[in-house]
1. Against the condition hydrophobic (A, V, I, L, M, F, W, C), in a helix (DSSP H, G or I), farther than 30 Å from LEU75 by Cβ and more than 20 Å from the chain's Cα centre (by Cα), how does ALA31 come out, does it pass?
2. Could you list, in sequence order, the residues of the range 13-26 that are basic (Lys, Arg) and surrounded by 13 or more Cβ atoms within 10 Å (Cβ to Cβ)?
3. Looking at the range 27-41 only, could you name the residues that are surrounded by 12 or more Cβ atoms within 10 Å (Cβ to Cβ) and not hydrophobic (A, V, I, L, M, F, W, C)?
4. Search the range 33-51 for residues that are free of Cβ contacts under 8 Å to residues at least 60 places away in the same chain and pair each with any residue that is open to solvent by 100 Å² or more (accessible area, probe 1.4 Å) and assigned to a helix (DSSP H, G or I) when their beta-carbon atoms are under 7 Å apart and the residues are at least 6 apart or on different chains.
5. Those residues that are loosely packed, with under 15 Cβ neighbours inside 10 Å and either in a helix (DSSP H, G or I) or at pLDDT 90 or above (or both), I need them from the range 66-79; list them, please.
6. Could you please let me know if TYR86 is open to solvent by 100 Å² or more (accessible area, probe 1.4 Å), modelled with pLDDT of 90 or more and of a type in the set (Phe, Trp, Tyr)?
7. If SER63 satisfies every condition in (1) surrounded by 10 or more Cβ atoms within 10 Å (Cβ to Cβ); (2) out of contact with any Lys or Arg (no Cβ under 8 Å at 6 or more places or on another chain); (3) not aliphatic (A, V, I, L, M) but one, which is the exception?
8. Which of the residues that make up the range 1-30 are closer than 14 Å to LYS52 by Cα and without any contact (Cβ under 8 Å) to a residue 40 or more places away in the chain?
Amino acid sequence: DEQREKIQAFQEGNRQKNWTAMGQVRSEMFALRRMYNADQVDANAIAEQQKKLDEARRLILKSRIESHNQVEAVLTPEQRKQFRQYGPQWLQESEQ
C-alpha cells in the first residue's frame, strides 16, 4: 500500500508537471502548421519553430523518464523485473 501511494503521487506530480508542457506542444504545433500553410513559406522560421516543438517534446520525455526512475526506486528487485516487462521496447530489448 505504501509503494502504491508513492507511485500514484509520482504519477500525479508528473501529470501536473507535463500538463503545461503538453499545452506548449500543442501551441507550437499550431504555430508550425500556420507557417507551413502561409502564402510565403519561410524555411528558416519553420526550422526555428520546429526547434521549439522539439524542445517541448524533449522536456516531456525527460519528465517521463524521471518519473519512471522514481517508480523503480521504490520497487523491490523482483518488482523491478516485472515492471521492466511493461516498459519501453528499448528497455525490454536490453534485458534479453
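1. Details: hydrophobic (A, V, I, L, M, F, W, C): yes; in a helix (DSSP H, G or I): yes; farther than 30 Å from LEU75 by Cβ: yes; more than 20 Å from the chain's Cα centre (by Cα): yes.
Yes.
2. Initial filter on the range 13-26 (basic (Lys, Arg)): 15, 17, 26.
Selection gives LYS17 alone.
3. Residues of the range 27-41 that are surrounded by 12 or more Cβ atoms within 10 Å (Cβ to Cβ), as a first pass: 27-29, 31-32, 35.
Matches in the range 27-41: SER27, GLU28.
4. Pairs found: ILE46/TYR36.
5. The first filter runs over the range 66-79 and keeps only residues loosely packed, with under 15 Cβ neighbours inside 10 Å, leaving 66, 69, 72-73, 76-79.
Correct list: GLU66, ASN69, GLU72, ALA73, PRO77, GLU78, GLN79.
6. Working: open to solvent by 100 Å² or more (accessible area, probe 1.4 Å): yes; modelled with pLDDT of 90 or more: no; of a type in the set (Phe, Trp, Tyr): yes.
So TYR86 fails the test.
7. (2)
8. Here is the first cut: in the range 1-30, the ones closer than 14 Å to LYS52 by Cα are 21-30.
Matches in the range 1-30: MET22, GLY23, GLN24, VAL25, ARG26, SER27, GLU28, MET29, PHE30.
The values are calculated or read from the model by the stated rules, or taken from the named source; none is laboratory data. Source: prediction; values computed, not measured. Cβ sites come from the backbone with ideal geometry, for glycine too, and all protein chains shown count toward neighbours. With ligands, DNA and RNA removed, areas are computed over all heavy atoms of the protein, side chains included. Shrake-Rupley method; radii C 1.70, N 1.55, O 1.52, S 1.80 Å.
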